[in-house]
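Structure record follows, encoded as structure tokens.
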């Protein structure tokens with residue numbers, strides 16, 4: 001079994017302590033290289049980290065990852081995406097059907113309601129995400145997703161079918 005080396009917040013802050021601005025840039029570059037090297041050795045491969053995902057697939061991953069271990073979601077994610085391939089399919093599903101699908105990862109009632117509300121709004125918007133932060137925050141449940149990730153990540157992805 002491979003041992004993981006965890007970097008503590010204190011180690012990061014100590015590493016970044018600098019005396020002058022030129023040293024700061026060098027330290028940041030060095031830290032970035034060290035972090036990328038660490039990820040190459042220790043990083044985990046999850047289906048939502050693939051580069052060709054739509055905004056729909058990324059948002060679904062974020063919803064499923066709320067208060068749930070990534071390894072639990074990894075075992076569930078691809079099946080969920082296969083069963084619900086668009087916002088329209090989620091919006092048209094019964095609450096009971098969504099709850100049954102989400103039961104294995106917990107918080108299924110709460111997640112089903114939020115996902116359905118989000119899907120209905122995305123269908124209304126024809127699968128397109130707004131470009132303004134205030135509009136993003138008005139989408140049901142998106143505030144919770146947005147707090148975890150920058151909305152610009154979703155804008156860079158293709159909009160999913162509705």
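The values are calculated or read from the model by the stated rules, or taken from the named source; none is laboratory data. Quick caveat: nothing in here was measured; it's all calculated off a predicted structure. Reconstructed Cβ throughout: ideal geometry from the backbone, glycine too, with neighbour counts over all protein chains shown.
What are the residues in the range 46-88 that are more than 16 Å from residue 108 (Cα to Cα), part of a loop (DSSP other than H, G, I, E, B), modelled with pLDDT of 90 or more and over 13 Å from the mean Cα position of the chain (by Cα), if any? Across the range 46-88, the qualifying residues are 85, 86.
Here residue 60 passes the criteria (1) assigned by TED's automatic domain parsing to the domain that holds residue 121; (2) surrounded by fewer than 17 Cβ atoms within 10 Å (Cβ to Cβ) except the one numbered (2).
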